[in-house]
1. Decide, for segment 91-198, between rounded, prolate and oblate: order the square roots of the alpha carbon gyration tensor eigenvalues as a ≥ b ≥ c, take rounded if a/c falls under 1.5, and otherwise choose prolate if a/b is larger than b/c, else oblate.
2. Counting only heavy atoms of protein chains, what accessible area per residue, in Å², does the chain have with a probe of 1.4 Å?
3. Quick check: pseudo-label points 7 Å beyond the Cα along Cα→Cβ at Thr398 and Met411, how many nm apart are they?
4. For segment 455-466, what does the Karplus curve 6.51 cos²θ - 1.76 cosθ + 1.60, with θ = phi - 60°, yield as ³J(HN,Hα) per residue in whole Hz, taken in order and with x for Gly and Pro?
5. For Ile390 and Met425, what does the FRET efficiency come to when R0 = 25 Å and r is the distance between their Cβ atoms, rounded to the nearest 0.05?
6. Please list 3J(HN,Hα) in residue order for segment 362-371, calculated via the Karplus relation 6.51 cos²θ - 1.76 cosθ + 1.60 where θ = phi - 60°; whole Hz, with x for glycine and proline.
7. Out of residues 5 or more away from Ser462 or on other chains, whose amide H comes under 5 Å of its own, with H placed 1.01 Å from N in the peptide plane?
8. Over segment 250-370, what is the relative contact order in percent, taking alpha-carbon pairs closer than 8 angstrom and at least six residues apart?
Amino acid sequence: MNLAVEPPRHSYLLKAAAFWLAIAALALIALYASLLHLTFDGDYQGWASASCMTMAHSFNQLGALHTHFVPIQNNLPLGSDPDVYLHWPPLFPLLLSVITRIFGDHESSGRLFALTITLATTCIVIAIARRLYGTRIALLSGFFFLTARATYEGGRAILHQPLAMFFGSATVLLFLFALDIPATASPHSASRRRLFATLGLFATICTVLTAWDPIFIPFGLLLSSIYLRRRDAIRLAGLYLLADVVTFVAVQADYILAYPALFRNQFATIAFRAGLKFNVESSMRLHTIVDSVHYTISQLSFIGSCSHILRWLFEGFGTFTLLAPFLFLALWLQPDRRQNTSEVYLLGGLGLPWLIFYAVMRNYVSIHPFALVLGAPFLAITSGYVLNRIWDLLHTATIADNNRRHLLRVMLIIFPLLTLYPLFMAVRNAKIPFQSPQYQDLSLIIQNNTPPNAVTLSSAESAVPIYYSDRHIVRGIVTPDLLRLAIPQARAAFPGTPLFFAIQDAPDLDRASFANILQQFKGIAHRGDSTLYAIP
């Protein structure tokens, strides 16, 4: 049974939807073309992009087998206590390493990969909406997905979440394809059903191997299937959920077995992201010092985290896009709602997982706006659904009274233009940094004055200097006590390696407090706001 129910075919409405989708796609491509060679320093979530590019670089240098598929977020030397990144699964930097190996290790390679992911996810969103509701709503859904700030800004950052939502959305689409073929159909149809079910299982595994954000999608599909009382769907969703859990456990087991000393830090980080107090004592090792610095200043109260989440939502999506799911829910809440299969699977497959993750990981999503990409497909499809209903109502009103045709023209022309305006402005301002570059002096002073095998302790918390200096940097040394803690650990982890300390002027750094300990070091170089010392 095909889930899609085509609305009345008004060709000019379909052409309007296709036209505005094409304009949005061209604007997005223009935006990313302008960003190709833009530095990460000062860019939107530039620290995350630099970190992922460094992980990809490490996979290319060391090989995935050598690192036990654990991402390394630093340059060589590796040392006896590598700077591993256990907070997210490894698939994204692994795939990114393939891209940079083919196209070169520079910003444009990562940004082209990000553009490809965004456009591919748009196609998945369109395909889901078409399967559920028909072509016109599918085109409008693609339009709202591309024009959401969460998509075109979140997608410009080179990180895990957009790719995870590609796989997560593909899981929902393939699940729907598998259900659309009756189990008692011909052998050919049965083989197609198995193919879609298997591909959906593969997409589920890839989702969890990429990021944790969409991890509740199989659970949402299972709840939807139980609500609809479909045994075949319950079995398939249950299989997806089992694969989901097993993959999560496998990744955690691989990380913990490879680096058991970081077990406490891993679970302290999970607890922090869920809104619990961060265990500072779990992060006193050399490369986790930065966690103890960052997480202790980022802890928010329940009210504070909710306030930040609302702020990101209003910045990431337009007013209509945020209103649409409430209208969609109101339209679904009818006495015969159990018969509305499309709405149930959309709510369970894309809406509920987003809300559950936001509730469980409230501190994480209140700090990081890129988590908004998790809700973009659901909000885009509900927006397309609601706007299509409005167009149909206005078209019917125009037939009854031709004097109302101007109302339809406003919704066909003016409303899409208003929706596109922020994207157009983003294209115009693409080469204007989100903030002033902060790490040029620090990156250059380390790169130009330290040998390739050196290790530099630094007051900076960002990964940007690591990527651009091509040197091993220990981040987050923001107090003299942390510097005294880090020096013996660095000597133990990197015996015989030259050690340096780079300090950068920053509003929240008390540079005067370093005066006594800096007298014991030898000044090597000074550039702009940064000074480099050799540690004897």
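The values are calculated or read from the model by the stated rules, or taken from the named source; none is laboratory data. All values derive from a computational prediction rather than experimental measurement. Cβ: placed from backbone, ideal geometry, glycine included. Neighbour counts: every protein chain shown. We work out accessible area using only protein heavy atoms, side chains counted, and drop any ligands, DNA or RNA first. Shrake-Rupley method; radii C 1.70, N 1.55, O 1.52, S 1.80 Å.
1. Since a/c reaches 1.5 but b/c is at least a/b, the shape of segment 91-198 is classed as oblate.
2. 42
3. According to this spin-label approximation, the distance is 1.0 nm.
4. These are the phi-based 3J(HN,Hα) values: 10, 10, 7, 9, 6, 6, 9, 6, 8, 4, x, 4 Hz.
5. 0.50
6. Taking θ as phi minus 60°, the curve returns 4, 5, 4, 6, 6, 8, 10, x, 5, 5 Hz for segment 362-371.
7. When sequence neighbours closer than 5 places are left aside, there are no close amide H contacts.
8. Normalised by residue count, the contact order of segment 250-370 is 35 percent.
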